[in-house]
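Engineer: Handing you this structure, nothing more for now.
The values are calculated or read from the model by the stated rules, or taken from the named source; none is laboratory data. Everything numeric here is computed off the predicted structure, so don't read it as measured data. Quick reminder, even Gly has a Cβ in these numbers, built from the backbone with ideal geometry, and neighbours come from all protein chains shown.
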Amino acid sequence: MAQEVRWSIAFVGSPPNRLSAGDGNLTENHSVWGQHPELWTVFYYHHTNALTIGTSTYALRDGDIAYIPPGASCSHAKVGDDCWVDFITFDLPARQGFRSAIPHVTRSMQPFLPNLRKASNLIVDSSVHAQAFIWNLLLFVGQSPTLFREAAQLYEAEDFIRQNLGRKFRIEEIAEFCRLSPRSLLAMFRAEHGVTIQEYIISKRVQEATRLLLRTNLTIKEIAQRVGMPDLQYFNKTMRTMTGLAPSKLRQTRDK
């Protein structure tokens, strides 16, 4: 049975960019994959399937749409013939400001298909239609973040972590900022994310480091300092463990 739909947080105050779109059958690359650390993908399904995002699994039907957030671990139960999808992949450039809770899945979205197809077909000539379509879709399905967690302090903790990646900080400091006890904060992170808060912090540091490697010309040493891992040996080891590539190798992929 599919789990209750969960949500991802997106900053939607600026229009999406770095758009690509298409359609086709799901391939073996979609059986198990890690979503790009900077990019979202929206899938429109024309078949039944089971999609796993993180620890949540959803039974999908024709007309359902899935919203894959950056860095997510995902898998499909079925790939190959008769697994047709339309998709749009994009970046949300805003790093702060207006944010929205985006569901992992929305049901029975057939009315959106003609506009999705139009946006996809026109993207070769201009990204304007795809940009307008996907931005409108996210604003349509998004909801207030505080509606979908029992504790709004989790968002405050995530914001604190994101804004302080470049320095060392203690769990007690986050807890005080969120008006929680350290024990409550640790329990909330484990329940919401399925990882310890320390593991979550490392994943966010790696995600930001990956973004800087792919989008800037900062040196590896500068990037390591910016994400709070100034020990280059530790930084290189962590990046290899989390991404499968050393920072220098990961940077080389941006030109391929």
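Engineer: Mind checking whether some residue in the range 176-186 is part of a helix (DSSP H, G or I) and either touching a His at 6+ places or on another chain (Cβ under 8 Å) or closer than 24 Å to Asp91 by Cβ (or both)?
Structural biologist: No, that holds for no residue.
Engineer: Give me the pairs, please: first residue somewhere in the range 227-251 and in contact (Cβ under 8 Å) with a residue 24 or more places away in the chain and assigned by TED's automatic domain parsing to the domain that holds Ile161, second residue anywhere and buried (at least 16 other Cβ atoms within 10 Å of the Cβ) and among the charged types (D, E, K, R), beta-carbon distance under 7 Å, and either six or more positions apart or on two chains.
Structural biologist: Val227/Arg205; Val227/Glu208; Gly228/Arg205; Met229/Arg205
Engineer: Of all residues in the range 20-37, count the ones that are in contact with a Pro (Cβ under 8 Å, 6 or more places away or on another chain) and crowded, with 18+ Cβ neighbours inside 10 Å.
Structural biologist: Result for the range 20-37: 1.
Engineer: Now for a separate question. Out of all the residues in the range 107-134, which are outside any helix (DSSP H, G or I), in contact with a strand residue (DSSP E or B) (Cβ under 7 Å, 6 or more places away or on another chain) and at pLDDT below 95?
Structural biologist: Ile123, Ser127
One line per residue, one yes/no per condition, for (1) β-branched (Val, Ile, Thr); (2) within 24 Å of Gly54 (Cβ to Cβ):
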{"residue": "Ile171", "(1), (2)": "yes, yes"}
{"residue": "Ile174", "(1), (2)": "yes, yes"}
{"residue": "Val195", "(1), (2)": "yes, yes"}
{"residue": "Gln207", "(1), (2)": "no, yes"}
{"residue": "Lys221", "(1), (2)": "no, no"}
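Engineer: Turning to a different aspect of this structure: Can you tell me which condition Thr210 does not meet? The list is (1) touching a Gly at 6+ places or on another chain (Cβ under 9 Å); (2) surrounded by fewer than 19 Cβ atoms within 10 Å (Cβ to Cβ); (3) of a type outside the set (D, E, K, R), and all the others hold.
Structural biologist: Single failed check for Thr210: (2).
Engineer: Would you confirm whether any residue within the range 199-207 is of a type in the set (Asp, Glu) and over 24 Å from the mean Cα position of the chain (by Cα)?
Structural biologist: Scanning the range 199-207 turns up no residue that is of a type in the set (Asp, Glu) and over 24 Å from the mean Cα position of the chain (by Cα).
Engineer: Of all residues in the range 56-98, how many are surrounded by fewer than 18 Cβ atoms within 10 Å (Cβ to Cβ) and either in a strand (DSSP E or B) or at pLDDT 95 or above (or both)?
Structural biologist: 9
Engineer: Picking from Gln207, Gln198, which residue would you name as being touching a residue at least 60 places away in the same chain (Cβ under 8 Å) and assigned to a helix (DSSP H, G or I)?
Structural biologist: Gln207
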